[in-house]
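Each value in this text was obtained by applying a stated rule to the coordinates, not by laboratory testing. Keep in mind the model is a prediction, meaning the values are calculated, not measured. Neighbour counts are summed over all protein chains in view; Cβ atoms, including those assigned to glycine, are modelled from backbone coordinates with ideal geometry.
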Amino acid sequence: MSVQFGLRVPMVGTPQDTGAYAARVEAAGFDFMWMPDTPMLAGQWRDVYIHLTCAALETSTMRLGPGVTNPITRHPVTTSSAIVTLDEVSGGRADLVVGTGYSSAYIVGRKAATLANMRASTALWRSIFSGAQTDLGGHEMALNNPCPQLPIYLAASGPKALQLAGEVADGVLIMVGSAPGCVSWALEQVEIGMERGGRKRADVRRMLVVNACVDSDRDRAIDLMRPCVANLCRNRMSETLFARAGLDAPKRPADMMVDPYPDLSHAADWEEAKRVSAFVPDEAVEAMIPLGSGAEVAAHVRSLVDLDIDAIWFRDEASWTRPDALLEGLSTDVLPLLRA
């Protein structure tokens, strides 16, 4: 199995702490580690690039990048400078992973990036990385020591964003849950974009965001991960996604419309997140989340890899603690089965 596996690690503790943790992640056998980029979320998260730099200094093979940054809270040229610097300090191990910034933009009173903005930003980054003369609003520059190999991955969940990624990016980070039917639907959209851009399969890496929980107590795992599926219900295509999973989309009751702080997917109080997610049935959580024993999680992930996926980016439910339990469960009980 040639698929690569990565881990999401939030900015917890000092950048030096992240460096030490990154060494653990690499030693556990992960191929990449990406860190979220929502500056000052709930007053706790810090600068992702400083954390990633410390991670680069403590690792030697694992790829590193923001997961996910955006062109709203950071100007694309600022992002270019930061990611090129990370690529240099890591010896060519940087990934640029970009989304519209919905969860980042709203906390500073901005709207998420449009698809036109995403297209233009991708073209700008590609020009800068290549070393070409690039127009920056009337002033031209060319990067010394170009890095044309630095990949640009677009995170996407809706059909138009998935198609755009297939058309212009080096890869797509698919964010539609982990039911094989949902992922198949997303890949259909990516392939529409690939055809529009005249691209081949080898031109576009196919990567999945996979929330997962390795816990032999299946009921406890379902309860823990329920808010992750409740958050998926907000996708504009939720009816389609749940239908492709063979389920009816859960309906959120009107008396549960208030989210925990700062939002459902990053809730500081996860018990409150579970309370407001009680409308999601167990079968929906089991369909959308690989959970249970190591063998059960591996079997679910294998059904996704069989769809011709290049990489899986694992994340747990937490934003304010490191994924210690997931790191241990995956490295001990899941990855050995997948790589056997």
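How big is D for the chain, in µm² s⁻¹ as a whole number, if Stokes-Einstein is applied with the Kirkwood radius of its Cα pairs at 20 °C and 1.002 mPa s? Numbers along the way, then the final one.
Working: Rh = 20.3 Å.
Rounded, D is 106 µm²/s.
Length, then width, then depth: along the principal axes, the Cα atoms of the stretch 86-223 run 58, 35, 34 Å.
Taken over the alpha carbons of the stretch 237-340 as equal point scatterers, the Debye sum produces base-10 log I(q)/I(0) values at 0.14, 0.15, 0.22, 0.23 Å⁻¹ of -0.71, -0.81, -1.30, -1.32.
Among 7-20, 205-218, the peptide with the highest mean count of other Cβ atoms within 10 Å heads the list, and the full ranking is 205-218, 7-20.
How much net charge surrounds S81 when only other residues with a Cβ under 14 Å from its Cβ are counted (Lys, Arg +1; Asp, Glu -1)? Here the charged neighbours net out to -2. Once you reduce the stretch 233-292 and the stretch 163-212 to the center of their Cα atoms, the two points are 23 Å from each other. Please give me the summed charge of the neighbours of Q44: other residues whose Cβ is under 15 Å from its Cβ, Lys and Arg +1, Asp and Glu -1. Once positives and negatives cancel, what remains is -3. Debye sum, Cα scatterers, the stretch 187-229, no solvent: what log₁₀ I/I(0) at q = 0.18, 0.19, 0.20, 0.23 1/Å? Debye intensities relative to I(0), on a log10 scale: -0.63, -0.64, -0.66, -0.75.
Counting only DSSP beta bridges with both residues in the chain, the antiparallel share comes to about 5 percent. Using C-alpha pairs below 8 Å separated by at least 6 residues, the relative contact order for the chain is 17 percent. Among the lysines of the chain, pairs at least eight places apart or on separate chains and with Cα atoms under 28 Å apart come to 6.
With the helix formula -39500 (n - 2.57) applied to DSSP H stretches of n ≥ 4, the chain reaches a computed 222 nm mean residue ellipticity of -12500 deg cm²/dmol.
Rg and Dmax of the stretch 268-325, both derived from C-alpha coordinates alone, stand at 13.6, 37 Å. Taking all C-alpha pairs of the stretch 154-269, those more than 16 Å from each other amount to 64 percent.
Here is the size of the stretch 1-53 from its Cα atoms: Rg then Dmax, 11.9, 41 Å.
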